[in-house]
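Shown next, in structure tokens, is the structure this report addresses.
The values are calculated or read from the model by the stated rules, or taken from the named source; none is laboratory data. Not measured: the values here are computed from a predicted model. Cβ coordinates were reconstructed from backbone atoms using ideal geometry, including for glycine residues, and neighbour counts include every protein chain displayed.
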Amino acid sequence: MTNNQPLGFSKASVGKKVLMAITGISVIGFLTAHLIGNLQLFVGQDQLNSYAETLQNMVAAKWMFRSVILILFAIHIWKGIVLWLENRKARPVSYMKDVTLEASVASRTMFWTGALILSFVVYHLLHFTMITTNPEYANLPLDNGRFDVYSMVILGFQNYTISAVYFIALSLMAFHLSHAISSVFQTFGLTKPTILPKLKIVSNLIALIFFIGYVSMPIAVLLNIISLPTGGNL
Amino acid sequence: MNLTLYVWRQKNADDKGRMETYQANDISSHMSFLEMLDVVNERLLTDGIEPIAFDHDCREGICGMCSLVINGNPHGPEKGTTVCQLHMRHFKDGDKIYIEPWRAKAFPVIKDLIVDRSAFDRIMQAGGFVSVNTGGTPDANAIPIPKENADTAMDAAQCIGCGACVAACKNASAMLFLAAKVSQYAYLPQGQAERTERVKNMLTQMDLEGFGNCTNFYECEAVCPKEISVKFIAKLNREFLRATVKKP
């Protein structure tokens with residue numbers, strides 16, 4: 001007989017899975033809000049810059065939101081690393097002949113796409129939030145007394161290398177999401193055999209919508225659909 | 001038919017093990033895979049070579065003892081079939097066949113193709129039972145059970161505990177086995193009294209045994225010889241969440 005004390009929620013394998021799902025959904029929620037906010041690029045300079053200014057002026061709310069999303073993101077990353085390490089340890093000797101019947105490429109590369117997305121997030125923050133990688137953005141002329149986010153984004157995406165980095169990172173994000181979204185439903189026990197295949201399709205579609213939504217911005221800039229207010233490079 | 005076999009040979013748990021190549025000539029397509037191995041072993045004995053050790057018992061597809069990974073597929077290439085029910089007609093002359101044991105930290109190799117699956121027994125001991133007082137046999141149908149629930153419980157109870165789900169899972173997770181064992185009681189009135197502790201205790205034991213975590217690959221369902229559905233993993237997740245919020 002075994003007399004082990006039941007493992008705590010965050011230590012139990014299903015608990016870890018639930019934590020991955022909850023924090024993952026929160027990040028998806030953030031991605032949705034971030035996308036809706038950013039798509040104002042298509043409305044125009046005034047709209048995007050006043051939106052950015054409003055966000056910047058809500059100092060307390062902004063930092064509270066940033067802290068919450070940082071904690072959730074950190075839990076997602078931490079548990080992701082723990083799961084990956086444990087799962088590697090669970091099969092010390094691999095098969096000579098390894099066959100995959102069901103598992104999608106996305107499901108098998110979650111750790112690696114996750115790690116690459118994380119490094120992109122760091123770059124993205126250094127690029128547009130802290131403007132460390134491109135300090136010249138700080139010299140942009142003010143737009144009606146506001147920092148000109150609109151011109152900064154366009155300038156950023158006019159650079160082919162930067163746009164390529166965003167394009168690759170967003171593809172990886174969509175790939176990661178394609179497995180993540182359907183997994184959330186299974187983790188919460190909200191699936192049954194009749195819906196599971198449909199759920200995988202819906203999951204892929206949602207991931208595609210995120211990809212198209214985000215990637216539309218660098219593409220619009222590169223195709224000159226959106227250009228600098230002055231009509232050229234600063 | 002003539003076949004080339006690449007078989008995992010390992011003297012004991014401490015041995016490093018290696019693949020050995022054997023020729024299996026004049027094999028009848030009517031033989032089962034295990035009968036083919038029997039023939040190979042007879043010939044190895046004649047040649048003074050230690051026969052290949054592999055697990056088997058009923059050879060009827062119901063005991064869950066046979067456990068070979070054939071060309072990367074636990075229980076071989078046929079869907080919903082144990083190795084003992086796999087026939088050589090599914091192979092063709094000249095085939096190269098890789099035969100490996102279940103690979104998981106929680107299933108250490110004892111010898112050649114035999115692994116120690118007592119981790120499953122310990123998971124069952126942690127809660128895979130219903131405690132009943134001894135006494136007379138209760139009347140059949142004394143406890144009414146909706147047909148749908150009885151059917152679902154029976155679908156879960158089809159699990160023969162062979163461990164193919166672990167062998168197939170990229171994470172060597174035993175979640176489908178655990179899900180079947182938890183679900184078979186969760187759907188029945190007899191299982192209700194110990195429902196909350198059962199899922200917690202069995203899950204804890206599974207985690208302590210060193211199996212991996214389920215990350216929804218669904219490889220388990222694809223190879224299960226009893227075709228246990230991953231819907232039971234969804235059920236297990238619900239059971240776990242229920243047990244988390246429920247006061248003991």
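Taking B:Asn71, is it among the polar types (S, T, N, Q) and on the phi > 0 side of the Ramachandran plot?
Yes.
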Tabulated pairs, segment B:172-185, first at positive phi and assigned by TED's automatic domain parsing to the domain that holds B:Phe211, second in a loop (DSSP other than H, G, I, E, B) and not basic (Lys, Arg), C-beta under 8 angstrom, 6+ apart or interchain: B:Ala172/A:Ala90; B:Ala172/B:Ala106; B:Ala172/B:Phe211
Candidate set: segment A:1-47, residues that are part of a loop (DSSP other than H, G, I, E, B) and either in contact with a Leu (Cβ under 8 Å, 6 or more places away or on another chain) or of a type in the set (Phe, Trp, Tyr) (or both); chosen: the one farthest from the other protein chains (Cβ to nearest Cβ): A:Ser10
Yes/no for A:Thr133 being modelled with pLDDT of 95 or more, under 20 Å from A:Pro218 (Cα atoms) and either away from every other protein chain (no Cβ under 13 Å) or surrounded by 15 or more Cβ atoms within 10 Å (Cβ to Cβ) (or both): yes
One residue from B:Asn25, B:Asn12 being away from chain A (no Cβ under 14 Å), in contact (Cβ under 8 Å) with a residue 60 or more places away in the chain and not hydrophobic (A, V, I, L, M, F, W, C): B:Asn12
Scope segment A:82-102; condition in contact (Cβ under 8 Å) with a residue 24 or more places away in the chain and more than 8 Å from chain B (Cβ to nearest Cβ); matching residues: A:Val82, A:Trp84
Residues satisfying the stated conditions in segment A:136-167, i.e. part of a loop (DSSP other than H, G, I, E, B) and either loosely packed, with under 12 Cβ neighbours inside 10 Å or in contact (Cβ under 8 Å) with a residue 12 or more places away in the chain (or both): A:Leu140, A:Pro141, A:Leu142, A:Asn144, A:Gly145, A:Phe147, A:Asp148
Every pair of residues 6+ apart whose Cβ atoms lie under 6 Å, when the first sits in segment B:198-212 and is at positive phi while the second is buried (at least 24 other Cβ atoms within 10 Å of the Cβ) and modelled with pLDDT of 95 or more: B:Gly210/B:Ala106
Qualifying residue in segment B:48-62 (condition: under 26 Å from A:Thr100 (Cα atoms) and surrounded by fewer than 18 Cβ atoms within 10 Å (Cβ to Cβ)): yes
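Where residues in segment B:222-248 are out of contact with any Cys (no Cβ under 8 Å at 6 or more places or on another chain) and within 14 Å of A:Leu196 (Cβ to Cβ), which of them is surrounded by the most Cβ atoms within 10 Å (Cβ to Cβ)?
B:Phe232
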Condition check for B:Ser29: more than 22 Å from B:Lys170 (Cα to Cα) and among the small types (Gly, Ala, Ser): yes
Any hit, segment A:107-121, residues being of a type in the set (A, V, I, L, M, F, W, C), facing chain B (nearest Cβ under 8 Å) and within 27 Å of B:Arg103 (Cα to Cα): yes
Restricting segment B:223-234 to residues that are within 23 Å of B:Ala106 (Cα to Cα) and out of contact with any helix residue (DSSP H, G or I) (no Cβ under 7 Å at 6 or more places or on another chain), the residue that is farthest from the other protein chains (Cβ to nearest Cβ): B:Lys226
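Residues that are free of Cβ contacts under 8 Å to residues at least 12 places away in the same chain, surrounded by fewer than 20 Cβ atoms within 10 Å (Cβ to Cβ) and not in a strand (DSSP E or B): does segment A:199-207 have at least one?
Scanning segment A:199-207, I find at least one residue that is free of Cβ contacts under 8 Å to residues at least 12 places away in the same chain, surrounded by fewer than 20 Cβ atoms within 10 Å (Cβ to Cβ) and not in a strand (DSSP E or B), so the answer is yes.
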Wholly enclosed helices (runs of 4 or more DSSP H) of segment B:139-219 bearing at least 1 residues away from chain A (no Cβ under 14 Å), surrounded by fewer than 24 Cβ atoms within 10 Å (Cβ to Cβ) and out of contact with any helix residue (DSSP H, G or I) (no Cβ under 8 Å at 6 or more places or on another chain): B:147-157
Filter pass, A:Thr100 being touching a Leu at 6+ places or on another chain (Cβ under 9 Å), among the β-branched types (Val, Ile, Thr) and assigned to a loop (DSSP other than H, G, I, E, B): no
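Quick grid of which residues meet (1) under 16 Å from the mean Cα position of the chain (by Cα); (2) farther than 18 Å from A:Glu136 by Cβ:
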residue	(1), (2)
A:Val149	no, no
A:His176	yes, yes
A:Ser183	no, yes
A:Leu196	no, yes
A:Lys200	no, yes
Residue that is surrounded by the fewest Cβ atoms within 10 Å (Cβ to Cβ), among those in segment A:103-124 that are assigned to a loop (DSSP other than H, G, I, E, B) and not β-branched (Val, Ile, Thr): A:Ser104
Residue in segment A:11-23 that is small (Gly, Ala, Ser), touching a Gly at 6+ places or on another chain (Cβ under 9 Å) and crowded, with 19+ Cβ neighbours inside 10 Å present: yes
